[in-house]
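Following: one structure in structure tokens, then a few remarks.
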Amino acid sequence: MKRKRTVSASPRNTPTKPSSSATITTTAPTLASIPLNLPAATAAEIGSSNTPNRPLPLPETPGKQRRTTLLHPEQLNGTGVGTGTESVHTPSPLKRQRTPMIRDGNSTTTVRFADSVVSPGDAMGGLVTNADRSARRKSVRRIVSKAIGGGEDSDDEDEDEEDLLARKIFGGDDSDDIDGGLLADEETLGAQKKRSGEKSSTSSRKKKKQLVEEEITAPMDGPDSYFFQNRKARLVTSNSTLASLPALDHSSYFRLIREHVPDHVDERAYLEGLHRQNFPQWEFELKQGFNLLLYGYGSKRNLLMQFAKRIYRSPRSLVVINGYVPTLTIKDVLTTVAKAIIGPEHTIRLGSNPNDILDTILSILDTPRPTHDEVDEKEEYTPVNHITLLLHNIDGEALRTTRAQVLLSRLSSHPKISLVASIDHIRAPLLWDAARVSQFNFLWHDATTFAPYSVESSIDDSLALIGGSAHAGGTKGVKFVLASLPMNAKSLYRVLVSHQLQGIEDGGGDGEEVGVEYKVLYQKAVEEFICSNDMAFRTLLKEFQDHQMVSLKKDSQGTDVLWAPFKKEELETILEDLVA
Amino acid sequence: MESTPPEEVYVEEFDPKEHQGCYIFTLDGEEDRPTKRRKTKGKQRATEKAAVEEEKCPFPVLLDNTETESTIKLRYQTYCKLWEKQEKRTKAILDSFNSKTLDDVSAFVKDATPEKYEGKIPTALVLAGPNIASHELLFEQLAQRIRNQDRTGPVVVLTSKDATNLKTTLRKLIRDATQQDEGVDDEEEDIIRKSAKLLNYDLQILQTWCGLHEGQKVTIAIQDSEAFDSNILSDLISLFSSYLDRIPFVLLVGIATSVEIFHDKLPKSAIRLMRGNKFDVERAEECLAQIFNDSMMSDKAVLRLGASVCDFLLERYRDHTQSIQAFVAALKYAYMSHFYANPLSIILGFLDSIDGLGDVLSTEHVEAIRNVPSFRRYVEGRLAAKEVSEVCKLVTDDDYVRHTVAEKILESRNYGIKLGQALAFLEIGRSCTLIQNKTPRYELYAKALSGELQTSPLVREFLMSLKRMNSTTLLNLFEKIMQEVQIPAIIEALGPLQEKIQKLVDEAEASGGKKNLISEFDMTNNTLRGTAVSKKVRLGEQKSSLTKQDTEYSGLIQQVYTIAESYLTTTFNSSENGLQNVFLHEIFFYDLRSPHSAVFAPKPRATIERGLSQPQDYLACACCTSTDGEEVGIRGSQAPTSIIYQLYLESGALINIYDLWSAFYSVIAGDEEHFDVATAQALFYRSLAEMRFLGFVKHTKKKTDHIAKLGWKGI
């Protein structure tokens, strides 16, 4: 606690609270005296690498001068002692405002202090820091000039981007230097400690570290956030589970969603209107042989369907593919396309595997269409001239295979076929290699709509997230399954559940820990005349596994363990139902 | 999941097709049942025709909706006409590049026989360059050519996707080879009957087929040799080799990297079985350069790209796509957006005959012209020259503006042509000197447009070395320039000089047998002596060693130098000859970078992240934006997924769902906590499902009721 006080009152803090300089003299006289006449011990401690044996108070040494500036930049700053680092410091209010990573004044100043102490000193690290700093200085200059230049632009995106980069360099550097800050802190403190000789410096180090760490707000984006959030310490999460949440079944879920008044209705409509204004342009682009790809947050289904209505010209000229439907296969897509092209009553053998179908389609499209109106009676089919595919979620689960994408890209690269597709997954562009990309010939359009993905993603996705079991949906499904099963299957499940409940009662924990060994369960089943042989037993189990009512795992000894993946309360209700 | 699709029950306006995989779209009310074909046919044709009529002009009405229909149509026609021309030229260039390779390879295949290659497999290594996007096309064309034009036999194109193991590869190979010429069904059946006992991956089948088709070669094209498993590839090669006496194989290997890498990939035993030739597909850069020169710098080009778009396209080409097709597509897009959105682009249609232009430009057009920056600059220039009456007319008299435009556009167009010529001159000049880094014209172009070339070392370097040229290289340079660039100014000035120099050379040859005249400025020979004094001495020596012809030659080359220098410096002088001084350059140079970068180099992930973390950027709603426009952070009024996402950003790699839920609830309920818990829960589940759908989280088994974070913002 005491340490904390010194920190808050240290000169580093002065920029934010200039008045506190008065308190410095009272609470920490040693520190306060440093800038005025750097006691040799402290100075040597700090800058030993730099100036080994020289008495430091000489103001002429550049090293000293710098150090003075560093220790309390703003106290002295009116006199302009600043070196290069000074320029870094000037925009501080701006910086604090811009970089959300470091919010409070304390840490900002820590960092500032650190940056300047570390960089001029160490020769080895010098190169790197200098490089950093030059980038950083540039960014500062940029930010400053931007601020001075005022808002005279600027729809120029690139400039904005650079700006962002500049700020990132600036901000990122800050957080990188935190450790340096600690070190520097340590050194001053260590020096102080040595003189007063109170505590071991290691303990102070630890405390210090903790303290600073708490003062920093976590980085929220960029690579830093990744490393920050993947630290071992961060993996600690609370142990609360969803059990305390009331179960929500499908019907009430949909009722609630339906009754809920969505937010930003007008704004969303406006946004969609903006996209609709682009329809003529999109249509023109399609006409010119490009394919369209829409991206951005929000369901683009509705928008695309409206677009479909606009570009729809003649029957069979437009095929809609719902890529988000999990049961979709690429073969379905191709046969539907074929049907659209040659009409529903065709007698052409398409071939059995998707590749063959595609070849057939392409060759049909390639054969020149009879011109004029000479209706040749022999012709079995009337191929359409041009076909547009409207593909919701080209990144849908069903189409994620390379094969599907290859086929789609070949299909859409044909001049008589246009493709309008949408993507939602953040990594969707990874689906395509250079060859695919060039075949797709996409023009990308940002179509952020903020519309909920009511069709594309379902509540089941959420349930699957929670762990494959029907936690949130309750155990209703289990009941249905059990109701449709024969008596002996129900009995088997009863045996399993009651055994598991018994285990929980005995304090065995949860899940697989209280599972039943395969052999034990089989033995019990035989004893209760549920089944007579292993074969029948397996068949029964298979049914449960298919419905995810039973999980099977090998434990550490290699024996198979079975358990019903439900919570105690749920197990109880199931058991009640079974017995009743 | 045991749940039944529930929406059908609850959602009123349920579209039954939402969950259908794919279907043929029909408008509401229209039946999609198969109608009687005969009847609909005529009708369908009619509607289609009507549609064609109606679609004639997809361009919007510009100029505040005052553009007349005829000008819109004209704009569209101009686009079609100009792009068609450009496309034709581009295609011709592309075809010519491909055709050379095709010719070479097909010639190779034609006379490849195992005997000729000492009993080894005749192999063509096709070095196709790193742009894998073009390989498919190339091999397709190769196969077509060999199959249909040369008729040497079946061609099987194998890609690494087909070759997961030896069995499937052979199966595909045999199937493709034997089924290629259609219409010989009985024969086919024959083969099948004969080979009934054989497994379908037995090369014996192919052998039988070859027995039936005397003199046919089986060409196997391996498209992406790098991606093949090396074991499979070497097995294939040894198989081919052992069947070579019965099946005349010819192997084509596509290589994207280098022959050395291909060598390293295979065991020596396999390499030894092949003999053949290497075919360099012409360098992609050359192709790009030709297309670029044609579309930007030739006198046929009409719409040119401005510096920033150009930079963007070239950078994308160099660093990302390496694909000429992509470049052409981007070029097309430039044409498209220029004519789509710029009402003044109709002027480009009148370059050949200015006659009708005055009538077409409406008052609104003239007003638009007056608003163009280059017009303003032009007027200001007039004003500075104190031509007040003309300025008056320009500002007030519409007819005068029409007249001026008609008068000036050719001049503006010539700017591009002149620039192109100067760049050609510079490029050729540089290629004749000893300058090491050859900067292609397309690199120079953007620099020239942005005025960087004026002071660039590229020009200085060239001029310096021009001075040092000996007569042979100089004459060579003259010849090239006269051939390739038709710049009247240069040709007129240099023509006589060329003759004189030629004469000198002849003279020198006649008198002393010395063929090569040296310039006195040439110091290349005396680098041996290092010190300043000795250099001076050498200089004197050299001067004295110069013959009479040499001295004369030096005088002439000084003249050449002066001409070239004045020509280059005036053309590239940005203050006099810069783009911004060109009247109406906005019409001749398309320079909007953002449409291109948005459409060709999008940032889909960053867009989603931005939408979720700063929804106010898109929605611009009052509730989520603070008054001072600063970041607002999380608010209950935001979309639920957006709230979740922002909470997600703050959390670690593992997220406890319950904690997320409680944080979510406290945000959405605000301070008063009057939000319905069940509704919040439903929203929570929905948003979580969306997060999963977007790929931000996944289920984890590390801890109960936890999800794993998959994406970090801004990486």
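The values are calculated or read from the model by the stated rules, or taken from the named source; none is laboratory data. All values reported here derive from a predicted model rather than from experimental measurement. All Cβ positions, even for glycine, are placed from backbone atoms using ideal geometry, and neighbour counts span all protein chains on display. Surface areas here come from the heavy atoms of the whole protein model, side chains and all, with no ligands, DNA or RNA. Shrake-Rupley method; radii C 1.70, N 1.55, O 1.52, S 1.80 Å.
Observations on the structure shown:
- Hits in segment A:285-300 (condition: surrounded by 21 or more Cβ atoms within 10 Å (Cβ to Cβ) and outside any strand (DSSP E or B)): A:285, A:290, A:296, A:297, A:298, A:299, A:300
- In a residue-by-residue description of segment A:420-430, the property of being within 30 Å of residue B:638 (Cα to Cα), in a helix (DSSP H, G or I) and either of a type in the set (Asp, Glu) or in contact with a Gly (Cβ under 9 Å, 6 or more places away or on another chain) (or both) applies to at least one position.
- In segment B:308-325, the residues that are open to solvent by less than 20 Å² (accessible area, probe 1.4 Å) and assigned to a helix (DSSP H, G or I): B:309, B:310, B:312, B:313, B:314, B:317, B:324
- Some residue of segment B:667-680 being touching a residue at least 60 places away in the same chain (Cβ under 8 Å), open to solvent by less than 30 Å² (accessible area, probe 1.4 Å) and not hydrophobic (A, V, I, L, M, F, W, C): no
- So residue A:351, is it more than 7 Å from chain B (Cβ to nearest Cβ), open to solvent by less than 40 Å² (accessible area, probe 1.4 Å) and on the phi > 0 side of the Ramachandran plot: yes
- Unmet requirement for residue A:226, which otherwise passes all of (1) open to solvent by less than 70 Å² (accessible area, probe 1.4 Å); (2) without any contact (Cβ under 8 Å) to a residue 24 or more places away in the chain; (3) facing another protein chain (nearest Cβ under 7 Å); (4) in a helix (DSSP H, G or I): (1)
- Test: residue in segment B:568-591 that is in contact (Cβ under 8 Å) with a residue 24 or more places away in the chain, out of contact with any Asp or Glu (no Cβ under 8 Å at 6 or more places or on another chain) and within 14 Å of chain A (Cβ to nearest Cβ): yes
- Among the residues examined, residue A:273 does not qualify as surrounded by fewer than 19 Cβ atoms within 10 Å (Cβ to Cβ), more than 7 Å from chain B (Cβ to nearest Cβ), in a loop (DSSP other than H, G, I, E, B) and not β-branched (Val, Ile, Thr).
- Taking the criterion of being over 25 Å from residue A:359 (Cα atoms) and touching an Asp or Glu at 6+ places or on another chain (Cβ under 8 Å), the residues of segment A:308-325 that qualify are A:310, A:311, A:313, A:324.
- Selected residue [farther than 20 Å from residue B:124 by Cα and modelled with pLDDT under 90] from B:224, B:176, B:245: B:176
- Among the residues of segment A:550-573, at least one is surrounded by fewer than 12 Cβ atoms within 10 Å (Cβ to Cβ), on the phi > 0 side of the Ramachandran plot and of a type outside the set (D, E, K, R).
- Qualifying residue in segment B:523-543 (condition: closer than 30 Å to residue B:454 by Cβ and either modelled with pLDDT of 80 or more or assigned by the TED database to the domain that holds residue B:464 (or both)): yes
- Boolean, residue B:441 is touching a residue at least 24 places away in the same chain (Cβ under 8 Å) and open to solvent by 20 Å² or more (accessible area, probe 1.4 Å): yes
- Residue B:222 meets the stated requirement of being closer than 26 Å to residue B:202 by Cα, crowded, with 21+ Cβ neighbours inside 10 Å and within 27 Å of the chain's Cα centre (by Cα).
- Filter pass, residue B:299 being among the acidic types (Asp, Glu) and in contact (Cβ under 8 Å) with a residue 40 or more places away in the chain: yes
- Subset of segment A:442-495 (residues that are under 18 Å from residue A:254 (Cβ atoms), modelled with pLDDT of 85 or more and crowded, with 23+ Cβ neighbours inside 10 Å): A:453
- Within segment A:405-427, residues that are in the same structural domain as residue A:306 (by the TED database) and without any contact (Cβ under 8 Å) to a residue 24 or more places away in the chain reach partners that are open to solvent by 10 Å² or more (accessible area, probe 1.4 Å) and among the basic types (Lys, Arg) with beta carbons closer than 8 Å, at six or more positions or on different chains, in the pairs A:426/B:605; A:427/B:605.
- For segment B:76-112, filtering for residues that are of a type in the set (S, T, N, Q) and open to solvent by 20 Å² or more (accessible area, probe 1.4 Å) leaves 4.
- Applying the set (1) more than 30 Å from residue B:243 (Cα to Cα); (2) touching a residue at least 60 places away in the same chain (Cβ under 8 Å); (3) charged (D, E, K, R) to residue B:118 leaves exactly one unmet item: (1).
- The criterion of being under 20 Å from residue B:58 (Cβ atoms), more than 10 Å from chain B (Cβ to nearest Cβ), in contact (Cβ under 8 Å) with a residue 24 or more places away in the chain and assigned to a helix (DSSP H, G or I) holds for residue A:303.
- Any hit, segment A:407-422, residues being over 27 Å from the mean Cα position of the chain (by Cα) and of a type in the set (D, E, K, R): yes
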